[in-house]
1. What is the set of long-range amide H partners of C:ASP36 at a cut-off below 5 Å, with H atoms built 1.01 Å from backbone N?
2. Rounded to the nearest 100 Å², what is the buried accessible area between B and A, both sides summed, probe 1.4 Å?
3. If contacts are Cα pairs under 8 angstrom and at least 6 residues apart, what is the relative contact order of chain B in percent?
4. About the Cα centre of segment C:30-78, what is the dipole size in debye to 20, counting +1 per Lys and Arg Cβ and -1 per Asp and Glu Cβ, all else neutral?
5. Counting only residues 5 or more places away or on other chains, whose amide H sits under 5 Å from the amide H of A:PHE18 once H atoms are built in the peptide plane?
6. Please give the helix C:87-96 orientation as an angle from the longest Cα principal axis of chain C, in degrees from 0 to 90, rounded to the nearest 10.
7. Using +1 on the beta carbon of Lys and Arg, -1 on that of Asp and Glu, and nothing else charged, what's the dipole of chain C about the Cα centre, debye to 20?
8. Relative to the longest principal Cα axis of chain C, at what angle does helix C:57-70 sit, 0 to 90 degrees, rounded to 10?
Amino acid sequence: MRVHTDYLFFNTKKRQEFIRITDEIAAIVQKSRVADGMVLVSAMHITSGVYVNDWEEGLIDDFQKWLEKLAPSGLDYRHHQTGEDNADAHLKRTIMGHQVVLPITNGTLDLGPWEQVFYAEFDGRRKKRVVVKVMGTGEI
Amino acid sequence: MRVHTDYLFFNTKKRQEFIRITDEIAAIVQKSRVADGMVLVSAMHITSGVYVNDWEEGLIDDFQKWLEKLAPSGLDYRHHQTGEDNADAHLKRTIMGHQVVLPITNGTLDLGPWEQVFYAEFDGRRKKRVVVKVMGTGEI
Amino acid sequence: MRVHTDYLFFNTKKRQEFIRITDEIAAIVQKSRVADGMVLVSAMHITSGVYVNDWEEGLIDDFQKWLEKLAPSGLDYRHHQTGEDNADAHLKRTIMGHQVVLPITNGTLDLGPWEQVFYAEFDGRRKKRVVVKVMGTGEI
């Protein structure tokens, strides 16, 4: 049995930014030499998430507008009494999910044709991390 | 350590349909001969999901009406500029979740009394897949 | 390869209550003697959830008010025709998520500085369970 751990780092220019990370995850899976198993991809911060969906700019824009409607910024959240101003970021990342587990088969990510992995930043412009934990049986 | 991979196929008659798959997952777990571990059940398409909740027709109807309220179909989504008409399906599946990880104890799914696994289709009437990846220690 | 299973029990005084369980999960991970792997933490009931977010009372209050707005109690849900009155609890737990998978590195939970694990009860005042399944390679 093999277990391999890696981390991805982000420091987005914009407060909110969705970044495709499928290739980075695939590279870590290859490095792990796990042939058959799973990989956990999980945001280590509580105002960002990780999700699987379409790599299409229009849909990404739809997601962001939809999240703003469901969990608006700028409201009088109680969390802001601590000096923070990012309560909506905590809510938005909850809708999108903070982690995914991806199957590995024959040494590669076993994804459907349109599945792409994204890092969803809702309170960026500072250093953040995603943990990637690969687990499974050894070489093919 | 054992790893076993299987796939479930769906081709629903209706565009939106929730299908109970607990028994299918249990059968795959039995076939895997994993005694103690986990099973990942994950939609391979981005307009369907997998979730755990109650097997009660009224609640399933409540879920579907609620999702239509939170993520309405027929809006002028930017994703539709690509020729697609299913942006709401991407949003709805995000609310429900696209995957679950179920514990396996003593060779069977370790679920609570009311936990049932469902495949949630939001853009059906064509062939879709769910990947089932079982991982754990061998026979009991 | 090690697999260790444990259960947490809850019986909240209030119908809705969020309870921090990070320390309980950390103790189970330590007991498992898994050095490198993952732990699944999953609600076994369908009106409660498990999520990772901030340990800040204001934000917890924001979450609860937000969930009430997105999935109000007291509506005329079809599920209530069965005699139940908790349809909103099923919807709320769906937003929060019913499970998390946490990475284990060097024998401890590999969490970011603000990540805390919570049990989210939406229909309490009775005994409920969370399953904790640890899986990975043995001692450090």
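1. It is C:GLY107, C:THR137, by chain and number.
2. 2600 Å²
3. Once divided by the residue count of chain B, the mean separation gives 54 percent.
4. Dipole about the Cα centre, nearest 20: 340 debye.
5. A:GLU121
6. The two axes meet at around 40 degrees.
7. Magnitude of the dipole: close to 580 debye.
8. With both axes taken from Cα atoms, the answer is about 50 degrees.
The values are calculated or read from the model by the stated rules, or taken from the named source; none is laboratory data. The structure presented is a predicted model; accordingly, all values stated were derived computationally and were not measured. Counting neighbours? That spans all protein chains shown, and the Cβs are built from the backbone with ideal geometry, glycine included. Each accessible area value is taken on the protein alone, full model and side chains, heavy atoms only, with ligands, DNA and RNA left out. Shrake-Rupley method; radii C 1.70, N 1.55, O 1.52, S 1.80 Å.
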